[in-house]
There are 2 protein chains.
Amino acid sequence: MPTTPAPAPFTADDYRARMARAAESAADAGLAGVLVAPGPDLVYLTGYQPTAITERLTVLVLAAGQEPVLVVPTLEAPDAEHAPGSAALTLRDWTDGKDPYTVTAPLLDVDGRFGVSDNAWAMHLLGLQKELPGTSYVSLTEALPMLRAVKDEHELARLAAAGAAADEAYGEIVKVRFEGRKETEVAADLAGLLLKYGHSQVDFTVVGSGPNGANPHHEAGDRTIERGDMVVLDFGGLKHGYGSDTTRTVHVGEPSAEEQRVHDVVREAQQAGFDAVRPGAACQDVDRASRALIADAGYGEYFIHRTGHGIGVTTHEPPYMIEGEERPLVPGMCFSIEPGIYLPGRFGVRIEDIVTVTDDGARRFNNTDRAMAIVE
Amino acid sequence: MPTTPAPAPFTADDYRARMARAAESAADAGLAGVLVAPGPDLVYLTGYQPTAITERLTVLVLAAGQEPVLVVPTLEAPDAEHAPGSAALTLRDWTDGKDPYTVTAPLLDVDGRFGVSDNAWAMHLLGLQKELPGTSYVSLTEALPMLRAVKDEHELARLAAAGAAADEAYGEIVKVRFEGRKETEVAADLAGLLLKYGHSQVDFTVVGSGPNGANPHHEAGDRTIERGDMVVLDFGGLKHGYGSDTTRTVHVGEPSAEEQRVHDVVREAQQAGFDAVRPGAACQDVDRASRALIADAGYGEYFIHRTGHGIGVTTHEPPYMIEGEERPLVPGMCFSIEPGIYLPGRFGVRIEDIVTVTDDGARRFNNTDRAMAIVE
């Protein structure tokens, strides 16, 4: 099977630089610091991923001019010590029965305002709010939405490799049998192909056939795919720690004129979104470009989600390509462009590529044919 | 392969009763209501589990005398409608680009105090705090710690079945080869056995050999198991939606006198914890009973975690058997009793059963031999 060598791991210096940049960005935003919970923010900043996220508090405290401190349960300290970024921080452990908030409080300004990971547990935020009533908090997506959004060259290489692997999977899935098989069977094929092409984790394998394709969040079900079905294939996961996410809509046998027309509109809308990407454009401009094309074609009410989302150490993160998101695109940002048309009870079409902003426009990480493939 | 028939699914009436009880418990605790996030609380109360937990707000609002309302992203509404508990609640969906907190706010008392799922995202809590500055919040574990703790007969049957399946897995794992194989290989065997005996999800398969056993949170690594090793085996997952979690410590070949002694102490401590279980005893009494036995044997400083945790729709939840937890045991509560001794750099021993409180004592859901098995 075709494989590429694994990229060089990120080093403690890489993580030190990311943590320093986060602390500086926080200070620039008027924050006393950043509180990072297990999950993608912590993976990005330290490389540490607890084996399970539990009710026991783990939090990374970052503040400008202060050594990063990772508060961890004593039980998990040995694992945390082995994280690639741990050489760039101090561990402070707390034992079952102690109050983890009293352990964390001395690390915080008692009247500071802190950015906190979106997915930090509410119970931990409440614990800190109670322990330090003078502090205040704002979610990292609100305070520092672009913290992980601009990728460096090593991250771009990983995202490109993940996209290429997903493309390889698509190249094979259009050759499998669709007619007469259940959606879940094709989804299992897709998952196997993502793993075959180097993914370590499959996040989703949507197979939306016929009317199921009209529910944009349908995954894959017991429905048997029939000749004449449109089939939305939306799949992705993580390879070397970075995400893939691509969608193509295929047809079992020859499409009707209407099906072809809807597919053409979505394909043009996807291209219009891509053409709108350049440094300095607003995120919402990408959404508007795709949406205008679909609306002009008369399908505006059937495009019922935003046009795109960022991707990095997760398959779903800022920046969002949505009306109202006025922040500018910056070279190195990576996100999906995925317009769709969903005709309730009938069929859906979605076409999605991951793209990155370049110095003068955009580059795609998915490059399979966007024309409607005919499958059997 | 031995299998038992799947239990009858919980019905909308079951979920209606659970939601009503939660709302009443909240009112009794002086709360205006309960805000339930995706995760185990939502599974328990509605049977609904989104395919992915994302930044899009999903929240169940419960308040005494008020119809339960589930706020969901429009994209996910079709999935939510199919949840088994959805007939007992009202769905209110919100579309990308809308502010989900303004959609949720009218459901809340503007100056009420609410219990909120521990694992609700901090960003959502902050969104509600900002939208309704007069509201206040407390984590459900603090406000209603025993919301899911007392199991009904149908839940007990599921937990018993999960425990029996884990016991079947143990019965087979002691027959596999240990010496000369990596921990990860034995862990894979364990995972396969849990699935073979009906688990739908494997949560953990700890194989801690020799010095790795002295790290209670070690999972399984590249270490090759050698003759003379103690090996901690701690494994569990979900079967029919309810958890298993059991630990036995085995030995490759004949143990030394010291190894046998440590194992005997842990086994006696586990029994002492079990003997302390009865309605009305405090949770901490179970911890104290196990801990006293280990301390009296001179190993007190090497028992570095609490004695147990609850289990239900998760493998890790209240009640906790820990010093300071003075709440009383109630018939139907289910939790682990899992004392251990960890000698750094040398070996560890842990023995764990899931037990339930009965009207006059306790009953084990794990019933394999607690004596040290000799494996090859």
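Exactly one residue out of B:203, B:222, B:167 is of a type in the set (Asp, Glu), assigned to a helix (DSSP H, G or I) and at negative phi, and it is B:167. In the stretch A:3-31, the residue that is surrounded by the fewest Cβ atoms within 10 Å (Cβ to Cβ) out of those that are under 20 Å from residue A:162 (Cα atoms) and not polar (S, T, N, Q) is A:5.
Residues that are more than 27 Å from the chain's Cα centre (by Cα) and within 10 Å of chain B (Cβ to nearest Cβ) within the stretch A:129-143 comprise A:129, A:130, A:136, listed in sequence order. Taking the conditions (1) open to solvent by 10 Å² or more (accessible area, probe 1.4 Å); (2) without any contact (Cβ under 8 Å) to a residue 24 or more places away in the chain in turn, residue B:135 satisfies each one other than (2). Which of (1) modelled with pLDDT of 95 or more; (2) within 14 Å of another protein chain (Cβ to nearest Cβ); (3) not in a helix (DSSP H, G or I) is the odd one out, the single condition residue B:109 does not satisfy? Among (1) modelled with pLDDT of 95 or more; (2) within 14 Å of another protein chain (Cβ to nearest Cβ); (3) not in a helix (DSSP H, G or I), the lone unmet condition for residue B:109 is (2).
Examine the stretch A:151-162 for a residue that is open to solvent by 20 Å² or more (accessible area, probe 1.4 Å), in contact with a Leu (Cβ under 9 Å, 6 or more places away or on another chain) and assigned to a loop (DSSP other than H, G, I, E, B), and state whether such a residue exists. Within the stretch A:151-162, none of the residues are open to solvent by 20 Å² or more (accessible area, probe 1.4 Å), in contact with a Leu (Cβ under 9 Å, 6 or more places away or on another chain) and assigned to a loop (DSSP other than H, G, I, E, B).
Looking only at residues that are free of Cβ contacts under 8 Å to residues at least 60 places away in the same chain and small (Gly, Ala, Ser) in the stretch B:32-61, which one is least open to solvent (accessible area, probe 1.4 Å)? That would be B:47. Take the residues in the stretch B:16-56 that are within 20 Å of the chain's Cα centre (by Cα) and over 29 Å from residue A:205 (Cβ atoms); name whichever of them is farthest from the other protein chains (Cβ to nearest Cβ). Checked the stretch B:16-56; the qualifying residue farthest from the other protein chains (Cβ to nearest Cβ) is B:18. I'd like to know if the stretch A:138-150 contains one or more residues that are charged (D, E, K, R), outside the structural domain of residue A:36 (by TED's automatic domain parsing), in contact with a helix residue (DSSP H, G or I) (Cβ under 6 Å, 6 or more places away or on another chain) and not in a strand (DSSP E or B). The answer is yes, given that some residue of the stretch A:138-150 is charged (D, E, K, R), outside the structural domain of residue A:36 (by TED's automatic domain parsing), in contact with a helix residue (DSSP H, G or I) (Cβ under 6 Å, 6 or more places away or on another chain) and not in a strand (DSSP E or B).
On the given criteria, is residue A:101 more than 10 Å from every other protein chain (Cβ to nearest Cβ), among the aromatic types (Phe, Trp, Tyr), part of a loop (DSSP other than H, G, I, E, B) and open to solvent by less than 60 Å² (accessible area, probe 1.4 Å)? Taking the combined requirement at face value, the residue does not satisfy it. Being among the hydrophobic types (A, V, I, L, M, F, W, C), touching a Lys or Arg at 6+ places or on another chain (Cβ under 7 Å) and over 30 Å from residue A:99 (Cα atoms) holds for only one residue in A:191, A:161, A:169, and it is A:161.
Could you tell me which numbered condition residue A:126 fails, if it satisfies all but one of (1) part of a helix (DSSP H, G or I); (2) over 24 Å from residue A:366 (Cβ atoms); (3) in contact (Cβ under 8 Å) with a residue 24 or more places away in the chain; (4) open to solvent by less than 30 Å² (accessible area, probe 1.4 Å)? With respect to (1) part of a helix (DSSP H, G or I); (2) over 24 Å from residue A:366 (Cβ atoms); (3) in contact (Cβ under 8 Å) with a residue 24 or more places away in the chain; (4) open to solvent by less than 30 Å² (accessible area, probe 1.4 Å), residue A:126 is out only on (3).
Inside the stretch B:57-86, can you point out the residues that are among the β-branched types (Val, Ile, Thr) and within 14 Å of chain A (Cβ to nearest Cβ)?
Start the filter on the stretch B:57-86 by keeping residues that are among the β-branched types (Val, Ile, Thr), which leaves B:58-59, B:61, B:69, B:71-72, B:74.
Passing the criteria: B:58, B:59, B:72, B:74.
The values are calculated or read from the model by the stated rules, or taken from the named source; none is laboratory data. As the structure is a prediction and not an experimental result, all values here were calculated from the model. Cβ coordinates were reconstructed from backbone atoms using ideal geometry, including for glycine residues, and neighbour counts include every protein chain displayed. We work out accessible area using only protein heavy atoms, side chains counted, and drop any ligands, DNA or RNA first. Shrake-Rupley method; radii C 1.70, N 1.55, O 1.52, S 1.80 Å.
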